[in-house]
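Here's the structure we're looking at; comments come further down.
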Amino acid sequence: MSTIYLIRKRQLGDVLWIDPIIRKLSSKYSNIIVHTKYNELFSSMNYQNVIFKNNLNLFERFFSKIEKSLNTRFRFINLDDSYENHPKIHLLHAYQKKANLPFEITYPIFNNFDINIKNKLNISGKFFILHIESFSEKNYRNVYGVDWSIITNYINDIGYKVIQVGVSPTEIKNTIKVSTTIYELISLIKEASYFIGIDSFPSHVAASIKVPSIIFFGAVNPEFRHFKCSFNGFLLSQHCEFAGCYHESKSKKLVSCKIVGDSGIPKCSMHSNEYVKKYIDDLLQLNTKL
């Protein structure tokens, strides 16, 4: 077969992780047609035999649905719901399983960056990137107990600016807030000295580019999102007797904190200013030794 379709339509961070699948399939097929809602994401990557489509035609949609309903992959590899059907393995491994590929440990690879991004955004000097804007209504996907203005002031005092990214993040003192395209955001993260954020698309970009990072997790098990053997930094989640409860159900809409429900503050997501400062110090020390 010379042509194969690969589908993962939504969730920017999840779509990013199809990159290793594309790379593997591109060595097996003459042409790959990729259908996502975020094709701009792949403008910073270098593929030779891949076509990206925002929409499938009627014929393609029809056969894609048939193959998905039959759980086959003769022409269409549909990665939607693949992780949900296998919630206790790494996201990439769920994709590899669906695509009938061997499990491999790798991050997405970026090849092209805007080398003038700092000039375009009028940024100079060394900086942290901060991304703590959550688009989830689930309380365990947020960070509690931290006064971020104190943290950003602490970062300023040790000689770094703080660039805050997001769609419409909450205003935080001592930060420079910027708006970017996806490609610009990837290029900006590449220029950062360090990254601090929640489990999100920007954090996965930072990890892929090897930017030293602190990433906050709640009910999500970080081992199902990152590969510790090649991650540069710290994956933070507070102790809870129900750790990793996010992975106990195939339907994420049904997952609620077993202790406080949907409206309280989960133990796994409750931190403190001193705790965050400690890990910032550890991150700087770790990368001084590298």
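Only the coordinates and a few stated rules stand behind these numbers; no lab work does. Being a predicted model, the structure only gives us computed values, none of them experimental. When we count neighbours, we look across all protein chains shown, and the Cβ atoms used for this are built from the backbone with ideal geometry, even at glycine.
Contact order, relative form, for segment 171-225: 28 percent (alpha carbon pairs under 8 Å, 6 or more residues apart, mean separation divided by residue count).
Between Cys229 and Lys68, the FRET efficiency from the beta-carbon distance, with R0 = 45 Å, is close to 0.85. Note on Phe103/Asn55: beta-carbon distance plugged into 1/(1 + (r/R0)^6) with R0 of 25 Å gives a FRET efficiency of 0.20. Subtracting the Cα-Cα distance of Val260 and Glu137 from their residue separation scaled by 0.36 nm leaves 42.8 nm. As a calculated quantity, the FRET efficiency between Glu274 and Ser2 at R0 = 51 Å, using C-beta atoms, amounts to about 0.30.
GNM remark for the chain: springs join alpha carbons under 10 Å apart, and the peak mean-square fluctuation among Ser230, Ser193, Ser203 falls on Ser230.
Here's the picture: a label point sits 7 Å out from the Cα of Ser30 along the beta-carbon direction, and within segment 49-74 the residues with their amide nitrogen under 17 Å of it are 49-51.
For the chain, the C-alpha radius of gyration sits at 1.04 times the compact-globule guess of 2.2 N^0.38 Å, with N the residue count. Residues whose amide H falls under 5 Å from that of Ile77, counting only those 5 or more places apart or on a different chain, are Tyr5, Leu6, Ile7, with hydrogens built in the peptide plane. Arranged from fewest to most other beta-carbon atoms within 10 Å of their beta carbon, Thr180, Thr152 become Thr180, Thr152.
Considering the chain as a Gaussian network with a 10 Å cut-off on Cα pairs, which listed residue, Lys97, Lys177, Lys65, attains the greatest mean-square fluctuation? Result: Lys65 has the largest fluctuation of those listed.
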